[in-house]
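Scroll down for the structure; my scribbles are underneath it.
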């Protein structure tokens, strides 16, 4: 197995070109793997370091007999993984996982058309940084745990040699310091603003009885 750094026509980043023997077919194959490192800016040394990392990762794959020919897309694997576990987890857990997939993971990963076997810690790191721009660190941690559970399954199926989520640093968790509540004036404003709103009765019940959101929505 060999790997070289190379530029690709009309692409801004360096690529690692990997040549290897497919253990299943016995044929020599070539993979172009983006380093996400820009050509501009004298980044040749960084690209070379990434080349070494890619080569080491794929040598691990071959040593563990991982099927490099498996072409399943990451988003498809996520969807299939969740459906396979639908009846072994609680309904509320399934709904929570499904929400993470549909609202967060699919919109980010689907356009990239990444295959499970091509996922790297760099891709997971990109997702983490992107989501930290819009949601709390605790929420990102929960989303990364969903990805990690899925990719643990990919490791067991011999599609990948390691779980890339476990090779990045998790965001620092924010410690819960207690709920903040409205004062009397703020409550009066809330009740005034909610008049005529479809959620007016929900607001009233919450204010007067101190119910949680799920408790209010569960009332009949």
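The values are calculated or read from the model by the stated rules, or taken from the named source; none is laboratory data. Owing to the predicted nature of the structure, the values given are computational and were not obtained by experimental measurement. Every residue, glycine as well, gets a Cβ built from its backbone with ideal geometry; the counts of neighbours run over all protein chains shown.
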| note | Within region 158-186, residues being in a helix (DSSP H, G or I) and either surrounded by 14 or more Cβ atoms within 10 Å (Cβ to Cβ) or in contact with a helix residue (DSSP H, G or I) (Cβ under 6 Å, 6 or more places away or on another chain) (or both) number 4
| Out of all the residues in region 91-111, which are touching a helix residue (DSSP H, G or I) at 6+ places or on another chain (Cβ under 9 Å) and either part of a strand (DSSP E or B) or free of Cβ contacts under 8 Å to residues at least 12 places away in the same chain (or both)? | 96
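Please find, within region 12-41, the residue that is surrounded by the most Cβ atoms within 10 Å (Cβ to Cβ) out of those that are modelled with pLDDT of 85 or more and assigned to a loop (DSSP other than H, G, I, E, B). Spell out the reasoning first.
Here is the first cut: in region 12-41, the ones modelled with pLDDT of 85 or more are 12-17, 37-40.
Right, trim to assigned to a loop (DSSP other than H, G, I, E, B) and you get 12, 39-40.
Values: 12: 12, 39: 16, 40: 7.
Going through the qualifying residues, I end up with 39.
Going by the conditions given, is residue 155 surrounded by 10 or more Cβ atoms within 10 Å (Cβ to Cβ) and either part of a helix (DSSP H, G or I) or in contact (Cβ under 8 Å) with a residue 40 or more places away in the chain (or both)?
Spelling it out, residue 155 is indeed surrounded by 10 or more Cβ atoms within 10 Å (Cβ to Cβ) and either part of a helix (DSSP H, G or I) or in contact (Cβ under 8 Å) with a residue 40 or more places away in the chain (or both).
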